[in-house]
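Right, one structure below, let's go through it.
What follows draws every value from the coordinates through simple rules; no lab data is involved. These numbers were taken from a predicted model, which means no experiment stands behind them. FYI the Cβ positions are ideal-geometry reconstructions off the backbone, even for glycines, and counts take in every protein chain you see.
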Amino acid sequence: MWTDRDGREVDAPEPPPSGSYYQELGDFQGGAYARNAFALGTAQEADFLWTALDLQAGDVVVDVGCGVGRHAHAFAQRGAHVVGIDISAGLLEAARQQPSRAAFVQADARTIPLADGAADAVICLCQGGFGVTPGGDREIMAEIARILRPAGRLALTAFSLPFAARFLGPDDAIDVARGLVWSPAEVRGADDERRTYDLWTSCYSPGELTNMLLTCGFKLEILSGIEPGAYGHQPPTLQHPEFLALARRANEH
């Protein structure tokens, strides 16, 4: 049931019945995606994650939902072998325009075209597939586990359900039972054209996210509360819009 921020039942559109809705939106945005305010924190995020994941030059890193490749490029510059995966051809076109050793592949995050155990580490940040595929997040997490080698490392972010419910916008709607938020959002394209798109974002409590990680074959190491450009190790609070999970694939999966 969709409700507004005062708990009153409202009409809101349903997400597509299968898969991510983000392909059309990403194709429209293209390189303009990098203008979003949250993208300004890329350098801090990459610096933190390089250390937190204990990455080394030569490691194979897969960026699931890579967008325009902002984290993929940052890790490739440090000597990692990076593969960026995204459902949007428009975002990947923008990613490939930057000089980099990173490779980019168009694919649905639920069916990543890589072999079992191919990656030393996976990053899935800023609702990169996970969080914008209503009903499909568990499939995405299981697929990430599949492509990770045993004890391979994962950094994944997810929107906070308590934060989303607390700061729901006046035009937004929430389905608490599904942990799903709908928002109409004006999006700017590469030529500065503006269009309004429906956004559906899956949000989680710390317990829900932890349980999904465990049941998909991960050992959770740290769950932190974060915001873009301010990654770190701090307990989640009601003021944190996102959670950052640092985990390892279990040896048996």
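Tabulated data for the structure shown
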read-out: Simple spin-label estimate for Gln77 and Ile222 in nanometres, 7 Å along Cα-Cβ; value: 2.2 nm
read-out: Hull-based mean projected area of the stretch 70-112, where the convex hull spans the alpha carbons, in square nanometres; value: 2.8 nm²
read-out: P(r) tail fraction, the stretch 67-202 - alpha-carbon pairs more than 22 Å apart, %; value: 45 percent
read-out: FRET efficiency for Asp191 and Arg166, using Cβ-Cβ distance with R0 set to 51 Å, rounded to 0.05; value: 0.90
read-out: Ratio Rg/Rh, restricted to the chain and using Cα atoms, in which Rh is the Kirkwood radius; value: 0.94
read-out: Debye, to nearest 20: dipole size of the chain, +1 on Lys, Arg Cβ, -1 on Asp, Glu Cβ; value: 760 debye
read-out: Cβ-defined net charge surrounding Gly31, 15 Å radius [Lys, Arg +1; Asp, Glu -1]; value: -2
read-out: Normalised per residue, the volume of the convex hull around the Cα set of the stretch 1-94 (Å³); value: 153 Å³
read-out: Angstrom value of the Kirkwood radius, inverse mean 1/r, which spans all Cα pairs in the stretch 210-253; value: 11.2 Å
read-out: Compactness index (Cα Rg / 2.2 N^0.38 Å), the stretch 24-145; value: 0.97
read-out: Near-label residues of the stretch 204-244 by backbone N, under 19 Å of a point 7 Å along Cα→Cβ of Arg5; value: 204, 238-242
read-out: The stretch 135-253, Rg to Rh (Cα coordinates; Rh as Kirkwood inverse mean 1/r); value: 1.02
